[in-house]
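Read the figures in this text as sums done on the coordinates, not as results from a lab. The model shown is predicted, which means the values in this text are computed figures rather than measured ones. With ideal geometry, Cβ positions are generated from the backbone for all residues, glycine too; neighbour counts draw on all protein chains shown.
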Amino acid sequence: MKFTAPEKTGTVSGATRRYQVGAATSQQQGCVAAAAKSVGASHAGARVSTTLTPIGGPWCTGTYKGKIIETVTPKCGIGKVCPAFIGILHTIGTFKFRVT
């Protein structure tokens, strides 16, 4: 999958911004019904390419619905107290694909 990064990601203003890509379908036995992946740092306007790969088995058959979201987490120094949160800034886009 490919998309254009609307914002700079990586370390921005003391926080870590990332794009998260995920997709899911109805759960079945013996297959993987969901996958997610973080996308590395990019510049605003960069063309980003990534591939979702099932971990632990083959994809389940069906239609997968997915989202690309931008998240933010605190970036803290070693030995510093750091709040544990993941903020969802906004949805970049949605997609779907079918596995037969």
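A few notes on this one:
- Proximal lysines to residue 37, defined as alpha-carbon separation beneath 20 angstrom and excluding residues fewer than eight positions away on the same chain: 2, 8, 65, 67, 75, 96
- On the principal axes of its alpha-carbon atoms, the chain has extents of 46, 32, 18 Å, going from largest to smallest.
- Integer Hz, Karplus 6.51/-1.76/1.60 couplings in order for the stretch 18-35, x for Gly and Pro: 9, 9, 10, 10, x, 8, 8, 9, 5, 6, 9, 7, x, 8, 9, 9, 8, 8
- Rounded to whole numbers, the Karplus 3J(HN,Hα) couplings from phi for the stretch 87-100 are x, 9, 6, 5, 8, 7, x, 10, 7, 8, 8, 10, 10, 10 Hz, using 6.51 cos²θ - 1.76 cosθ + 1.60 with θ = phi - 60°, and x at Gly and Pro.
- In plain terms, the chain is cut at each of the trypsin sites (Lys or Arg not before Pro) found in a DSSP loop with at most 15 other Cβ atoms within 10 Å, and the longest leftover piece is 9-74.
- Considering only 60, 82, 31, the Gaussian network model of the chain with Cα springs below 10 Å gives its largest mean-square fluctuation to 82.
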